[in-house]
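Down below is the structure, laid out as structure tokens.
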Amino acid sequence: MTTPDIHAVLLSYVRDGVLRDPAVMGLRSFAREELEARGFDACGNPAQICLYEEQRRFRRAGRAVQLACKVFLAQGRWCANGLELGYQVRLAGVLRAVGKPAMPAFRVLLRRDAHCGALLFDNGLVLRFAANLRGAPRHYFLTHVEGHVPAPAGGEPDLRAASQAPLDALYHTCTPEQLRRLARRDHAPLQELIRLLS
């Protein structure tokens, strides 16, 4: 199997709100038996919501990066998946690759000091980011991606809505006008983000 390009994987998340192709994670399906057979470790109660996690290799700009791949099952049914990126992929590169015309509707959420935040898409996708840890902050790096499968008809809970409450507790939503005011601050990652979104 060829090593997937991380930007292509992230474009798939933005387009669909979730990673639909299990082959990207080296899987045939997102079923519990397949996850266990492929070395994914389980955390949680399989009768409720259970996280399966394993390291996988991706390509970024000609070099390999190791990322934690996460798959969530609710009562045995695939409900979400995501990636933990660990300061290896710049948010600006992902946003440029997507391009403004193809970008679905989203909200910008920031911590008060603008050191970290999230993009919360209408399709339930969450892209969390943070400024670089070493030296003067120059860029935001994508740290976590969490995509949600739309809830089926029949009254099952929609985990997309459940994921928004912790984000709203951690960050505050920034309107375009607030972002323009924040752009005057001497904060290079924030200025870069605002330029990409304007």
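The values are calculated or read from the model by the stated rules, or taken from the named source; none is laboratory data. Since the model is a prediction, treat every value here as computed from it, not as a measurement. Positions of Cβ are generated from backbone atoms using ideal geometry, with glycine treated the same way; all protein chains shown enter the neighbour counts. Side chains included, ligands, DNA and RNA excluded: accessible areas come from the protein's heavy atoms. Shrake-Rupley method; radii C 1.70, N 1.55, O 1.52, S 1.80 Å.
Largest GNM mean-square fluctuation across PRO22, PRO166, PRO137, computed for the chain with C-alpha springs under 10 Å, falls on PRO166. Here, the chain yields an orientationally averaged convex hull projection of 12.0 nm² when only Cα atoms define the hull. Across region 1-141, Cα pairs under 8 Å and at least six residues apart give a relative contact order of 19 percent.
Solvent exposure of region 1-81, expressed per residue, is 51 Å² of accessible area, with all protein chains present and a 1.4 angstrom probe.
Summarising the label geometry, the points placed 7 Å from Cα in the beta-carbon direction at ALA151 and GLU34 lie 2.5 nm from one another. A Förster radius of 41 Å, combined with the Cβ-Cβ distance separating ARG59 from HIS172, puts the computed FRET efficiency at roughly 0.70. Panel values: region 73-142, Kirkwood radius from alpha carbon pairs, Stokes-Einstein at 4 °C and 1.567 mPa s, translational diffusion coefficient 95 µm²/s. Between ALA47 and ASP5, full extension at 0.36 nm per residue minus the direct alpha carbon distance yields a gain of 11.7 nm. Ratio of Rg to Rh for region 1-89: 0.96 [Cα atoms; Kirkwood radius as inverse mean 1/r over pairs].
Couplings 3J(HN,Hα) for region 50-63, derived from phi with the Karplus relation 6.51 cos²θ - 1.76 cosθ + 1.60 (θ = phi - 60°), are 10, 9, 10, 9, 7, 6, 9, 9, 10, 9, 9, 6, x, 10 Hz, where x marks Gly and Pro.
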